[in-house]
Amino acid sequence: MSNEISNLYAQLLGETAQISWAEVMPQFAKGNVLWVASDQDLVAVAEHIINDDKKQVSALMQQKALHVLTDEIALDYAQRDPELWAVVVTPWVLLQERLTPTTH
């Protein structure tokens, strides 16, 4: 496997930013927010969607690592206002909560 990143990955990385739940809510209300599991590479998931990589996207969905943001998760985000990161893959906003590592 090559350590080089694609031009698309680099572009998406540059378009990925921290975002507040308040900024995401209008897109959630339209049903345009995809939730990405915290253990996934947000930019790589976006790249799979743009490249129409049905095999990878389907696998992520089957693993429940990618799905339309649920009301339950939205309510949790509204209550906690966690650190969220997003990248836009029109018409979707891919959203991911960044979990801080626990110290032992």
Enumeration of residues in region 44-72 that are more than 12 Å from the chain's Cα centre (by Cα) and among the charged types (D, E, K, R) | D52, D53, K54, K55, K64, D71, E72
Check whether at least one residue in region 15-30 is in contact (Cβ under 8 Å) with a residue 24 or more places away in the chain, at negative phi, surrounded by 14 or more Cβ atoms within 10 Å (Cβ to Cβ) and part of a loop (DSSP other than H, G, I, E, B), and report yes or no.
-> yes
Residue satisfying all of: in region 1-59; more than 30 Å from Q79 (Cα to Cα) and of a type in the set (A, V, I, L, M); modelled with the lowest pLDDT among these = M1
Taking region 31-50 only, how many residues are surrounded by 17 or more Cβ atoms within 10 Å (Cβ to Cβ) and charged (D, E, K, R)?
-> 1
Identify all residues within region 51-77 that are in a helix (DSSP H, G or I) and loosely packed, with under 13 Cβ neighbours inside 10 Å; write none if there are none.
-> K54, K55, S58, Q62, D71, E72, L75
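The values are calculated or read from the model by the stated rules, or taken from the named source; none is laboratory data. Note that the structure is predicted; figures quoted are calculated from it, not measured. Note that each Cβ is placed from the backbone with ideal geometry, even for glycine, and that neighbours are counted across all protein chains shown.
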